[in-house]
Amino acid sequence: MFIEIKHGSGGRPTQELIKEILGIYRDQSVNDLEDCALIENGIGVTIDGFTVSPRFFPGGDIGKLAICGSTNDLAVRGVKPNYVAVSFLIEEGLPKDELFRAVDSAYRVSKELDVKFIAGDTKVLPKGQADGVYITCCALGQSVTDRPWGVNELSPGDVIIATGPIGQHGALIAALRYGLDVDELESDCAPLWPLMEPLTKIPGVKCARDCTRGGLGTVLCEWAEGASLGIEIDEDLIPLTRQVISLADVLGFDVLHLACEGTAVIAVDPDCLHEVLSSLKEKAPLCSVIGKVTDEHAGIVGLKTSIGGMRVVDMPLGEMVPRIC
(Lines give C-alpha, C1' and ligand atoms only; values in the text may rest on other atoms or scores of the structure.)
Protein backbone atom coordinates (compact mmCIF):
# COMPACT_ATOMS: atom_id res chain seq x y z
CA MET A 1 0.00 0.00 0.00
CA PHE A 2 1.26 3.47 -0.91
CA ILE A 3 0.22 7.05 -0.22
CA GLU A 4 -1.73 8.49 -3.15
CA ILE A 5 -2.75 12.02 -4.14
CA LYS A 6 -6.29 11.27 -2.97
CA HIS A 7 -5.02 11.01 0.63
CA GLY A 8 -4.49 14.78 0.57
CA SER A 9 -8.00 15.65 -0.62
CA GLY A 10 -9.48 16.32 2.81
CA GLY A 11 -12.17 13.76 1.95
CA ARG A 12 -12.81 10.13 2.85
CA PRO A 13 -9.28 8.82 2.04
CA THR A 14 -7.78 11.58 4.21
CA GLN A 15 -10.04 10.64 7.12
CA GLU A 16 -9.04 6.99 6.80
CA LEU A 17 -5.33 7.87 6.73
CA ILE A 18 -5.71 10.06 9.84
CA LYS A 19 -7.40 7.21 11.72
CA GLU A 20 -4.49 4.93 10.86
CA ILE A 21 -1.96 7.49 12.05
CA LEU A 22 -3.89 8.06 15.29
CA GLY A 23 -3.92 4.30 15.80
CA ILE A 24 -0.14 4.46 16.16
CA TYR A 25 -0.40 7.17 18.82
CA ARG A 26 -3.25 5.33 20.58
CA ASP A 27 -3.77 7.07 23.96
CA GLN A 28 -1.29 9.87 23.22
CA SER A 29 -3.57 11.95 20.99
CA VAL A 30 -6.44 14.40 21.46
CA ASN A 31 -9.71 12.67 20.63
CA ASP A 32 -12.05 15.39 19.34
CA LEU A 33 -10.39 15.59 15.88
CA GLU A 34 -11.10 19.30 15.49
CA ASP A 35 -8.60 21.28 13.40
CA CYS A 36 -7.49 23.10 16.56
CA ALA A 37 -6.70 21.22 19.77
CA LEU A 38 -7.55 22.79 23.14
CA ILE A 39 -5.01 21.90 25.80
CA GLU A 40 -4.23 23.13 29.32
CA ASN A 41 -5.66 26.48 30.45
CA GLY A 42 -7.72 26.92 27.27
CA ILE A 43 -4.72 27.21 24.99
CA GLY A 44 -5.50 26.41 21.35
CA VAL A 45 -2.86 24.87 19.08
CA THR A 46 -2.89 23.99 15.40
CA ILE A 47 -0.33 23.24 12.68
CA ASP A 48 -0.73 23.23 8.92
CA GLY A 49 1.41 22.91 5.80
CA PHE A 50 0.94 25.04 2.67
CA THR A 51 2.05 23.96 -0.81
CA VAL A 52 -0.33 25.96 -3.04
CA SER A 53 0.41 26.16 -6.76
CA PRO A 54 0.59 28.81 -8.14
CA ARG A 55 2.19 30.54 -5.18
CA PHE A 56 0.72 33.96 -6.09
CA PHE A 57 -2.91 34.29 -7.16
CA PRO A 58 -5.70 36.91 -7.28
CA GLY A 59 -6.69 37.61 -3.69
CA GLY A 60 -3.60 36.21 -2.01
CA ASP A 61 -0.38 34.20 -2.05
CA ILE A 62 1.27 31.39 -0.12
CA GLY A 63 2.38 33.75 2.68
CA LYS A 64 -1.05 35.23 3.31
CA LEU A 65 -2.59 31.78 2.96
CA ALA A 66 -0.28 30.31 5.62
CA ILE A 67 -1.22 32.87 8.27
CA CYS A 68 -4.92 32.95 7.37
CA GLY A 69 -5.20 29.17 7.11
CA SER A 70 -3.53 28.45 10.43
CA THR A 71 -5.12 31.25 12.48
CA ASN A 72 -8.54 30.48 11.00
CA ASP A 73 -8.34 27.01 12.54
CA LEU A 74 -8.08 28.76 15.91
CA ALA A 75 -10.77 31.34 15.19
CA VAL A 76 -13.47 28.78 14.40
CA ARG A 77 -12.96 27.22 17.84
CA GLY A 78 -13.40 30.56 19.58
CA VAL A 79 -9.64 30.92 20.15
CA LYS A 80 -7.97 34.31 19.75
CA PRO A 81 -4.78 33.86 17.67
CA ASN A 82 -1.75 35.18 19.56
CA TYR A 83 1.41 33.52 18.19
CA VAL A 84 2.74 31.77 15.11
CA ALA A 85 5.85 29.68 14.46
CA VAL A 86 6.74 29.31 10.79
CA SER A 87 8.95 26.88 8.85
CA PHE A 88 10.12 27.46 5.26
CA LEU A 89 11.28 24.72 2.90
CA ILE A 90 12.86 26.65 0.01
CA GLU A 91 13.98 25.24 -3.32
CA GLU A 92 17.43 26.26 -4.51
CA GLY A 93 17.05 28.89 -7.23
CA LEU A 94 13.90 30.55 -5.89
CA PRO A 95 14.20 34.31 -6.52
CA LYS A 96 14.70 36.14 -3.23
CA ASP A 97 12.08 38.73 -4.13
CA GLU A 98 9.43 35.98 -4.40
CA LEU A 99 10.29 34.70 -0.94
CA PHE A 100 10.28 38.21 0.53
CA ARG A 101 6.93 39.02 -1.14
CA ALA A 102 5.39 35.97 0.52
CA VAL A 103 6.99 36.78 3.88
CA ASP A 104 5.82 40.40 3.69
CA SER A 105 2.30 39.22 2.89
CA ALA A 106 2.36 36.91 5.92
CA TYR A 107 3.64 39.78 8.05
CA ARG A 108 0.81 42.08 6.97
CA VAL A 109 -1.88 39.58 8.00
CA SER A 110 -0.08 38.90 11.29
CA LYS A 111 0.08 42.65 11.94
CA GLU A 112 -3.65 42.99 11.21
CA LEU A 113 -4.43 40.24 13.73
CA ASP A 114 -1.82 41.37 16.29
CA VAL A 115 -0.24 37.91 16.06
CA LYS A 116 3.41 37.66 17.12
CA PHE A 117 6.02 35.69 15.15
CA ILE A 118 7.80 33.71 17.90
CA ALA A 119 9.88 31.01 16.18
CA GLY A 120 10.94 29.85 12.75
CA ASP A 121 13.03 27.45 10.73
CA THR A 122 14.53 27.66 7.25
CA LYS A 123 15.73 24.79 5.08
CA VAL A 124 17.00 24.98 1.48
CA LEU A 125 16.52 21.92 -0.72
CA PRO A 126 18.50 21.16 -3.89
CA LYS A 127 16.89 22.28 -7.13
CA GLY A 128 14.20 19.87 -8.27
CA GLN A 129 13.40 18.57 -4.77
CA ALA A 130 10.68 21.14 -4.07
CA ASP A 131 8.48 23.55 -6.02
CA GLY A 132 9.62 27.01 -5.01
CA VAL A 133 8.70 27.18 -1.34
CA TYR A 134 6.55 25.25 1.12
CA ILE A 135 5.44 26.82 4.41
CA THR A 136 4.43 25.10 7.64
CA CYS A 137 2.74 27.26 10.25
CA CYS A 138 1.96 26.46 13.89
CA ALA A 139 -0.52 28.89 15.48
CA LEU A 140 -1.32 29.27 19.17
CA GLY A 141 -3.92 31.28 21.03
CA GLN A 142 -6.25 31.58 24.00
CA SER A 143 -9.86 30.37 24.07
CA VAL A 144 -12.29 33.20 24.93
CA THR A 145 -15.59 31.28 24.87
CA ASP A 146 -17.49 29.96 27.91
CA ARG A 147 -17.77 26.53 26.26
CA PRO A 148 -15.44 25.26 23.51
CA TRP A 149 -17.00 25.33 20.07
CA GLY A 150 -16.98 21.87 18.55
CA VAL A 151 -18.92 19.05 16.97
CA ASN A 152 -19.80 17.62 20.40
CA GLU A 153 -21.98 20.69 21.03
CA LEU A 154 -24.32 20.05 18.07
CA SER A 155 -28.01 19.41 18.84
CA PRO A 156 -31.12 18.68 16.73
CA GLY A 157 -32.70 21.96 15.66
CA ASP A 158 -29.43 23.90 15.42
CA VAL A 159 -29.31 26.22 12.41
CA ILE A 160 -26.48 26.02 9.85
CA ILE A 161 -25.04 29.29 8.48
CA ALA A 162 -22.52 29.88 5.69
CA THR A 163 -20.66 33.14 6.24
CA GLY A 164 -20.26 33.85 2.54
CA PRO A 165 -20.07 32.42 -0.99
CA ILE A 166 -18.42 28.99 -1.04
CA GLY A 167 -15.79 27.50 -3.33
CA GLN A 168 -14.00 30.65 -4.45
CA HIS A 169 -10.47 29.61 -3.53
CA GLY A 170 -10.76 26.11 -5.00
CA ALA A 171 -12.40 27.42 -8.16
CA LEU A 172 -9.71 30.06 -8.69
CA ILE A 173 -6.77 27.68 -8.20
CA ALA A 174 -8.41 25.15 -10.54
CA ALA A 175 -8.97 27.83 -13.19
CA LEU A 176 -5.35 28.97 -13.00
CA ARG A 177 -4.01 25.41 -13.18
CA TYR A 178 -6.16 24.56 -16.21
CA GLY A 179 -5.31 27.83 -17.95
CA LEU A 180 -8.87 29.16 -17.86
CA ASP A 181 -9.91 32.82 -17.80
CA VAL A 182 -10.50 33.73 -14.14
CA ASP A 183 -12.84 36.61 -15.16
CA GLU A 184 -12.89 38.61 -11.90
CA LEU A 185 -12.71 35.45 -9.79
CA GLU A 186 -10.63 35.94 -6.62
CA SER A 187 -9.70 33.72 -3.72
CA ASP A 188 -11.67 34.40 -0.54
CA CYS A 189 -8.40 34.04 1.42
CA ALA A 190 -8.90 36.16 4.55
CA PRO A 191 -8.53 35.97 8.34
CA LEU A 192 -11.71 34.84 10.11
CA TRP A 193 -10.99 36.13 13.61
CA PRO A 194 -12.48 39.63 13.00
CA LEU A 195 -15.70 37.86 11.95
CA MET A 196 -15.71 35.24 14.70
CA GLU A 197 -14.60 37.36 17.67
CA PRO A 198 -18.01 39.05 18.24
CA LEU A 199 -19.67 35.62 18.14
CA THR A 200 -17.61 34.46 21.14
CA LYS A 201 -19.90 36.60 23.31
CA ILE A 202 -23.07 34.84 22.08
CA PRO A 203 -23.78 31.70 24.19
CA GLY A 204 -25.84 29.96 21.48
CA VAL A 205 -22.98 29.47 19.02
CA LYS A 206 -22.27 25.71 19.00
CA CYS A 207 -19.74 24.80 16.35
CA ALA A 208 -17.80 26.39 13.49
CA ARG A 209 -15.34 25.30 10.85
CA ASP A 210 -13.49 26.92 7.96
CA CYS A 211 -14.35 25.06 4.75
CA THR A 212 -10.88 24.38 3.34
CA ARG A 213 -9.87 21.10 1.66
CA GLY A 214 -12.99 19.12 0.81
CA GLY A 215 -15.16 22.22 1.01
CA LEU A 216 -18.50 22.74 2.73
CA GLY A 217 -19.70 19.24 1.91
CA THR A 218 -16.83 17.54 3.74
CA VAL A 219 -17.21 19.73 6.85
CA LEU A 220 -20.91 18.90 7.12
CA CYS A 221 -20.22 15.18 6.65
CA GLU A 222 -17.62 15.32 9.43
CA TRP A 223 -20.16 17.04 11.69
CA ALA A 224 -22.95 14.57 10.93
CA GLU A 225 -20.72 11.55 11.48
CA GLY A 226 -18.94 13.02 14.50
CA ALA A 227 -22.15 13.99 16.29
CA SER A 228 -24.21 10.99 15.06
CA LEU A 229 -26.87 13.44 13.87
CA GLY A 230 -28.37 14.28 10.50
CA ILE A 231 -27.87 17.53 8.61
CA GLU A 232 -30.14 18.94 5.91
CA ILE A 233 -29.19 21.84 3.64
CA ASP A 234 -31.04 23.61 0.84
CA GLU A 235 -29.29 24.01 -2.52
CA ASP A 236 -31.13 27.27 -3.25
CA LEU A 237 -29.90 28.85 -0.01
CA ILE A 238 -26.18 28.16 -0.47
CA PRO A 239 -24.39 31.42 -1.44
CA LEU A 240 -22.47 31.08 -4.69
CA THR A 241 -20.96 33.51 -7.19
CA ARG A 242 -21.59 33.37 -10.91
CA GLN A 243 -17.91 32.71 -11.55
CA VAL A 244 -17.76 29.67 -9.24
CA ILE A 245 -20.91 28.20 -10.75
CA SER A 246 -19.55 28.63 -14.28
CA LEU A 247 -16.15 27.14 -13.42
CA ALA A 248 -17.73 24.14 -11.70
CA ASP A 249 -19.97 23.55 -14.73
CA VAL A 250 -17.02 23.68 -17.14
CA LEU A 251 -14.83 21.29 -15.13
CA GLY A 252 -17.59 19.07 -13.78
CA PHE A 253 -16.82 19.87 -10.13
CA ASP A 254 -19.29 19.70 -7.27
CA VAL A 255 -19.31 23.19 -5.72
CA LEU A 256 -19.89 21.64 -2.29
CA HIS A 257 -16.36 20.21 -2.44
CA LEU A 258 -14.52 23.30 -3.68
CA ALA A 259 -12.27 24.80 -1.02
CA CYS A 260 -12.75 28.10 0.78
CA GLU A 261 -10.02 30.02 2.62
CA GLY A 262 -12.04 32.80 4.24
CA THR A 263 -15.52 31.35 4.58
CA ALA A 264 -16.83 29.45 7.59
CA VAL A 265 -19.85 27.31 8.34
CA ILE A 266 -21.43 27.86 11.76
CA ALA A 267 -24.04 25.95 13.76
CA VAL A 268 -26.11 28.00 16.23
CA ASP A 269 -29.05 27.56 18.57
CA PRO A 270 -32.16 28.94 16.80
CA ASP A 271 -32.87 31.18 19.80
CA CYS A 272 -29.74 33.23 19.03
CA LEU A 273 -30.03 33.16 15.23
CA HIS A 274 -31.08 36.81 14.86
CA GLU A 275 -28.22 38.01 17.07
CA VAL A 276 -25.66 35.91 15.18
CA LEU A 277 -26.86 37.04 11.75
CA SER A 278 -26.89 40.69 12.86
CA SER A 279 -23.27 40.37 13.96
CA LEU A 280 -22.14 38.50 10.84
CA LYS A 281 -23.81 40.86 8.37
CA GLU A 282 -21.66 43.77 9.55
CA LYS A 283 -18.59 42.12 7.97
CA ALA A 284 -20.14 39.32 5.86
CA PRO A 285 -23.26 40.74 4.19
CA LEU A 286 -23.69 37.62 2.02
CA CYS A 287 -23.96 35.22 4.98
CA SER A 288 -26.94 32.91 4.72
CA VAL A 289 -28.87 30.27 6.64
CA ILE A 290 -28.45 27.12 4.56
CA GLY A 291 -29.91 24.32 6.67
CA LYS A 292 -30.37 22.65 10.02
CA VAL A 293 -29.29 19.78 12.25
CA THR A 294 -31.83 16.98 12.71
CA ASP A 295 -32.19 13.79 14.75
CA GLU A 296 -33.25 11.96 11.57
CA HIS A 297 -30.88 9.99 9.27
CA ALA A 298 -27.99 10.09 11.77
CA GLY A 299 -24.56 10.48 10.21
CA ILE A 300 -25.92 11.56 6.83
CA VAL A 301 -26.02 14.97 5.12
CA GLY A 302 -28.98 15.54 2.80
CA LEU A 303 -29.16 18.25 0.14
CA LYS A 304 -32.60 19.48 -0.93
CA THR A 305 -32.11 20.17 -4.64
CA SER A 306 -33.49 23.04 -6.66
CA ILE A 307 -35.99 20.69 -8.31
CA GLY A 308 -37.33 19.52 -4.95
CA GLY A 309 -35.53 16.19 -4.57
CA MET A 310 -33.10 15.11 -1.87
CA ARG A 311 -29.63 13.69 -2.45
CA VAL A 312 -26.97 12.42 -0.09
CA VAL A 313 -23.81 14.49 0.27
CA ASP A 314 -20.66 12.47 0.94
CA MET A 315 -16.97 13.27 1.33
CA PRO A 316 -14.98 13.25 -1.93
CA LEU A 317 -13.20 9.97 -2.66
CA GLY A 318 -10.43 11.59 -4.67
CA GLU A 319 -8.58 14.85 -5.22
CA MET A 320 -10.19 17.27 -7.71
CA VAL A 321 -7.19 19.60 -7.79
CA PRO A 322 -4.09 18.88 -5.64
CA ARG A 323 -2.07 21.59 -3.90
CA ILE A 324 -4.85 24.13 -3.46
CA CYS A 325 -3.52 25.19 -0.05
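The values are calculated or read from the model by the stated rules, or taken from the named source; none is laboratory data. Bear in mind that the values here come from a model prediction, so they are computed numbers and not experimental data. Positions of Cβ are generated from backbone atoms using ideal geometry, with glycine treated the same way; all protein chains shown enter the neighbour counts. The protein model used for the area step is the full one, side chains on, heavy atoms only, and it has no ligands, DNA or RNA in it. Shrake-Rupley method; radii C 1.70, N 1.55, O 1.52, S 1.80 Å.
Below, the figures for the structure above:
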{"item": "Contact order relative to length of segment 79-174, as percent, for alpha carbon pairs under 8 angstrom and 6 or more apart", "result": "44"}
{"item": "Flagged links, alpha-carbon separation over 18 Å, of K96/K127; K6/K304; K80/K123; K6/K123; K64/K116", "result": "K6/K304; K80/K123; K6/K123"}
{"item": "Protein accessible area in segment 113-191, 1.4 Å probe - carbon and sulfur %", "result": "50"}
{"item": "Cα-based Kirkwood hydrodynamic radius, segment 219-312, one decimal, Å", "result": "14.7"}
{"item": "Kirkwood Rh, Cα atoms: Rg over Rh of segment 98-141", "result": "1.01"}
{"item": "Cα-centre dipole for segment 221-288 with unit charges at Cβ (Lys and Arg positive, Asp and Glu negative), debye to 20", "result": "340"}
{"item": "Computed Kirkwood radius, in angstrom, where 1/r is averaged over Cα pairs of segment 262-301", "result": "11.7"}
{"item": "Length released on extending from S246 to V312, taking residue separation times 0.36 nm less the Cα-Cα span", "result": "21.5 nm"}
{"item": "Surface accessible to a 1.4 Å probe, per residue, for the residues of segment 84-160, Å²", "result": "56"}
{"item": "Kirkwood Rh (inverse of mean 1/r, distinct Cα pairs), the chain, angstrom", "result": "20.0"}
{"item": "Where trypsin sites (Lys or Arg not before Pro) fall in DSSP loop in segment 115-151, at most 13 other Cβ within 10 Å", "result": "K127"}
{"item": "FRET E, pair R26, R101, Förster distance 41 Å, beta-carbon r, rounded to 0.05", "result": "0.40"}
{"item": "Cα-based Rg and Dmax for segment 113-219, where Dmax is the largest Cα-Cα distance (Å)", "result": "18.3, 55"}
{"item": "Of all accessible heavy-atom area on segment 1-72, the percent that carbon and sulfur account for (1.4 Å)", "result": "57"}
{"item": "Length released on extending from E4 to F56, taking residue separation times 0.36 nm less the Cα-Cα span", "result": "16.1 nm"}
{"item": "Which of V79, S155, Q243, positive extreme of dipole for the chain (C-beta unit charges)", "result": "V79"}
{"item": "Label-zone membership for segment 115-150, site I39, 7 angstrom Cα→C-beta point, backbone N under 14 Å", "result": "138-143"}
{"item": "Of the chymotrypsin sites (Phe, Trp or Tyr not before Pro) in segment 2-108, those whose Cβ has at most 15 other Cβ within 10 Å and which sit in DSSP loop", "result": "F2"}
{"item": "Residue of A227, A119, A208 that the Gaussian network model of the chain assigns the largest fluctuation, springs spanning Cα pairs under 10 Å", "result": "A119"}
{"item": "Check: segment 1-152 dipole with +1 on Lys, Arg Cβ and -1 on Asp, Glu Cβ, in debye", "result": "180"}
{"item": "Whole-angstrom Cα spans of segment 143-286 along principal axes, big to small", "result": "47, 31, 27"}
{"item": "Gyration tensor (Cα) of segment 166-205, equivalent ellipsoid semi-axes in angstrom", "result": "33, 8, 7"}
{"item": "Neighbourhood charge, 11 Å Cβ-Cβ cut-off, centred on K201 and excluding it, Lys, Arg +1 and Asp, Glu -1", "result": "-3"}
{"item": "Cα gyration tensor, segment 1-120 - rounded (a/c under 1.5), prolate or oblate", "result": "oblate"}
{"item": "Prolate/oblate/rounded label for segment 1-67 (Cα gyration tensor, a/c 1.5)", "result": "oblate"}
{"item": "Probe 1.4 Å, accessible area per residue of segment 249-322, Å²", "result": "49"}
{"item": "222 nm mean residue ellipticity, helices alone, for the chain (DSSP H n ≥ 4; -39,500 (n - 2.57); rounded to 500)", "result": "-9000 deg cm²/dmol"}
{"item": "Neighbour-limited loop hits for GluC sites (Glu not before Pro), segment 30-104 (at most 13 other Cβ within 10 Å; DSSP other than H, G, I, E, B)", "result": "E92"}
{"item": "Percent RCO, i.e. relative contact order, over segment 220-325, from Cα pairs under 8 Å lying at least 6 residues apart", "result": "49"}
{"item": "Contour minus Cα-Cα distance for D114 and K283 (0.36 nm per residue)", "result": "59.0 nm"}
{"item": "Residue of T51, T241, T212 that the Gaussian network model of the chain assigns the largest fluctuation, springs spanning Cα pairs under 10 Å", "result": "T241"}
{"item": "Nearest-10 value in Å² for the accessible area of I3, using the 1.4 Å probe", "result": "120"}
{"item": "Within a Gaussian network of the chain (alpha carbon springs, distance under 10 Å), most fluctuating of L277, L220, L94", "result": "L94"}
{"item": "Label-point separation in nm, I202 to D121, each point 7 Å along Cα→Cβ", "result": "4.0"}
